[in-house]
Amino acid sequence: MKRRTFLLTLVVISLSAVPVLAAPYKALIVTGQNAHDWKGTTPVLKQLLEETGLFTVDVAQSPAKGEDMSSFKPEFKNYHVVVLNYQGDSWPEETKKAFVDYVKNGGGVVVYHFACAAFPDWPEYNEIIGLGGWGNRNEKWGPYVRWRNGRVEFDFSPGRGGGHGPMQPFAIDVRYPEHPIMKGLPPRFMHVPDELYGWLRGPAKNLTVLATAFAPKDKGGSDEHEPILFTVEYGKGRVFFNALGHTANELKSVAFIVTYQRGAEWAASGKVTQPVPDDFPTADEARVRP
Ligand code: ZN
C-alpha cells in the first residue's frame, strides 16, 4: 500500500514536470501572386494548420505581379513543409534552385488547388507537383492520370491540360485506404460545391493516387475519375497534392480541412497522428465548419 502511494506520487511529480510541448513542425505558406483569391485563402490555410497544434506557420509573400522578384528568397530549408498557394511571375533562379534542393533533401510540400497552374516552363516544378493544368499545358507535359477498371492508367492522348465545369458538389472516392493520409476515412465522402479539376497532365513520375472524383460530361467534365488527392515522391521529399478549395468558402468543407491537415502532417513527417473527426462527411452529405 505504502509503496503504491509512493509510486503514484512519483508519477504525479514527473507528469507535472513535463513542459507544454511546442508544435513539432514548421510550415511556410508561399503566396503573394495567384489568379485566385490568395488574400482570402492564405489566412484560412494558416489557421487550419495552427489549429492542429502540430505546426507553427509563417507566410512568405512575394512582390506583386510585375514587380522586381529578385529579393524573393524564402528560407525553404528552415521548414518541414511548404504550402504552395502561388501562381504568378517566375521566381529568381536562386530561389528555384533552393526550392528544388529543399524537396530533394526531404522537404515536404503541399500543392494547393491553383498552384498546379504555376510555372509551366519549369521542368523540376512539374515533376514535384506531379500533374499540372493551364498555362498552355498539353500532351507535351505528360499523360492524363486516369482511374479505370480499378487501377491507375496513364492516357497519353493529345489535348488540353487543366479544366473544370461549373461549381458542383461531388463525391470523393478513396483509392488507397491504407495510406496514412486516408487511413480511417470512409471509402466515399462528399465535398461542397467546388471546381472539380480535370484534365491535369504532367510527368506523373512517382505519383500515387489517393482519391478520385468522377467528373460527369453533362456537368462539364471529362467523364473520367479525376485524381483529386495524390502524392509524389521527389528525391527524399514528400509532396501532397490537394485539388480542392477554389475560395475561402470552399475551405470550410470538412473534406478539404481534414485532407489538407492530414496531408500537411504527412508531407512534414511521413506519418499522420490526427484522428478522423466526428463531423467528417459521409457518402451522402458534405459537412462544413463555420
Ligand atoms: Zn479555382
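The values are calculated or read from the model by the stated rules, or taken from the named source; none is laboratory data. Bear in mind that the values here come from a model prediction, so they are computed numbers and not experimental data. Reconstructed Cβ throughout: ideal geometry from the backbone, glycine too, with neighbour counts over all protein chains shown.
Go through (1) closer than 25 Å to E153 by Cα; (2) free of Cβ contacts under 8 Å to residues at least 60 places away in the same chain; (3) more than 16 Å from the ligand (Cβ to nearest atom) one by one and return the number of the condition D279 breaks.
D279 satisfies all of (1) closer than 25 Å to E153 by Cα; (2) free of Cβ contacts under 8 Å to residues at least 60 places away in the same chain; (3) more than 16 Å from the ligand (Cβ to nearest atom) except (1).
Go through segment 184-225 and count every residue that is of a type in the set (S, T, Y) and part of a strand (DSSP E or B). Step through it out loud before you land on a result.
Step one: filter segment 184-225 for residues of a type in the set (S, T, Y), giving 197, 208, 212, 222.
Keeping just the survivors that are part of a strand (DSSP E or B) gives 208, 212.
Number of matching residues: 2.
Given the structure, is L45 touching a strand residue (DSSP E or B) at 6+ places or on another chain (Cβ under 8 Å), within 16 Å of the ligand (Cβ to nearest atom), under 24 Å from T273 (Cβ atoms) and without any contact (Cβ under 8 Å) to a residue 60 or more places away in the chain?
Details: touching a strand residue (DSSP E or B) at 6+ places or on another chain (Cβ under 8 Å): yes; within 16 Å of the ligand (Cβ to nearest atom): yes; under 24 Å from T273 (Cβ atoms): yes; without any contact (Cβ under 8 Å) to a residue 60 or more places away in the chain: no.
Here the answer is no, as L45 does not meet what is asked.
If I ask for residues that are among the basic types (K, R) and either more than 16 Å from the ligand (Cβ to nearest atom) or at pLDDT below 95 (or both), which ones from segment 217-265 would you list?
Of everything in segment 217-265, those that are among the basic types (K, R) and either more than 16 Å from the ligand (Cβ to nearest atom) or at pLDDT below 95 (or both) turn out to be K217, K236, R238, R262.
Within segment 249-262, is there a residue that is closer than 24 Å to G162 by Cβ and surrounded by fewer than 19 Cβ atoms within 10 Å (Cβ to Cβ)?
Checking segment 249-262: at least one residue is closer than 24 Å to G162 by Cβ and surrounded by fewer than 19 Cβ atoms within 10 Å (Cβ to Cβ).
Just the residues that are of a type in the set (D, E) and within 15 Å of A268 (Cβ to Cβ), please, taken from segment 26-85. Steps first, answer last, please.
Step one: list which residues in segment 26-85 are of a type in the set (D, E), which gives 37, 50-51, 58, 67-68, 75.
Once the filter is applied, which keeps residues that are of a type in the set (D, E) and within 15 Å of A268 (Cβ to Cβ), segment 26-85 yields E50, D58.
Quick one: count up the residues across segment 189-216 that are within 16 Å of the ligand (Cβ to nearest atom) and buried (at least 18 other Cβ atoms within 10 Å of the Cβ).
Within segment 189-216, the first condition is being within 16 Å of the ligand (Cβ to nearest atom), and the residues that meet it are 191-200, 213, 215.
Next cut, buried (at least 18 other Cβ atoms within 10 Å of the Cβ) only: 191-192, 194-200, 213, 215.
Number of matching residues: 11.
Check V83, V59, V110 and return the single one that is touching a Pro at 6+ places or on another chain (Cβ under 9 Å), hydrophobic (A, V, I, L, M, F, W, C), part of a strand (DSSP E or B) and closer than 12 Å to A27 by Cβ.
Details: V83 fails: touching a Pro at 6+ places or on another chain (Cβ under 9 Å); V110 fails: touching a Pro at 6+ places or on another chain (Cβ under 9 Å).
Exactly one of V83, V59, V110 is touching a Pro at 6+ places or on another chain (Cβ under 9 Å), hydrophobic (A, V, I, L, M, F, W, C), part of a strand (DSSP E or B) and closer than 12 Å to A27 by Cβ, namely V59.
Of a type in the set (A, V, I, L, M) and modelled with pLDDT of 95 or more - does that describe any residue in segment 9-27?
Filtering segment 9-27 down to residues of a type in the set (A, V, I, L, M) leaves 10-13, 15, 17-18, 20-23, 27.
Next, from what is left, pick out any that are modelled with pLDDT of 95 or more: 27.
Scanning segment 9-27, I find at least one residue that is of a type in the set (A, V, I, L, M) and modelled with pLDDT of 95 or more, so the answer is yes.
Just to be sure before I move on: is E67 surrounded by fewer than 17 Cβ atoms within 10 Å (Cβ to Cβ) and not in a loop (DSSP other than H, G, I, E, B) in the structure I sent?
Details: surrounded by fewer than 17 Cβ atoms within 10 Å (Cβ to Cβ): yes; not in a loop (DSSP other than H, G, I, E, B): no.
Spelling it out, it is not the case that E67 is surrounded by fewer than 17 Cβ atoms within 10 Å (Cβ to Cβ) and not in a loop (DSSP other than H, G, I, E, B).
Which ones in segment 139-158 are polar (S, T, N, Q) and either closer than 21 Å to E233 by Cα or surrounded by 15 or more Cβ atoms within 10 Å (Cβ to Cβ) (or both)? Don't jump to the end; show me each part of the working.
From segment 139-158, those polar (S, T, N, Q) are 149, 157; that's our starting set.
Residues satisfying the conditions do not exist here.
Does M167 meet the test of being among the hydrophobic types (A, V, I, L, M, F, W, C), at pLDDT 95 or above, surrounded by 13 or more Cβ atoms within 10 Å (Cβ to Cβ) and within 16 Å of the ligand (Cβ to nearest atom)? Give the steps one after another, and end with the answer.
Values: among the hydrophobic types (A, V, I, L, M, F, W, C): yes; at pLDDT 95 or above: yes; surrounded by 13 or more Cβ atoms within 10 Å (Cβ to Cβ): yes; within 16 Å of the ligand (Cβ to nearest atom): yes.
When the stated conditions are applied, M167 passes them.
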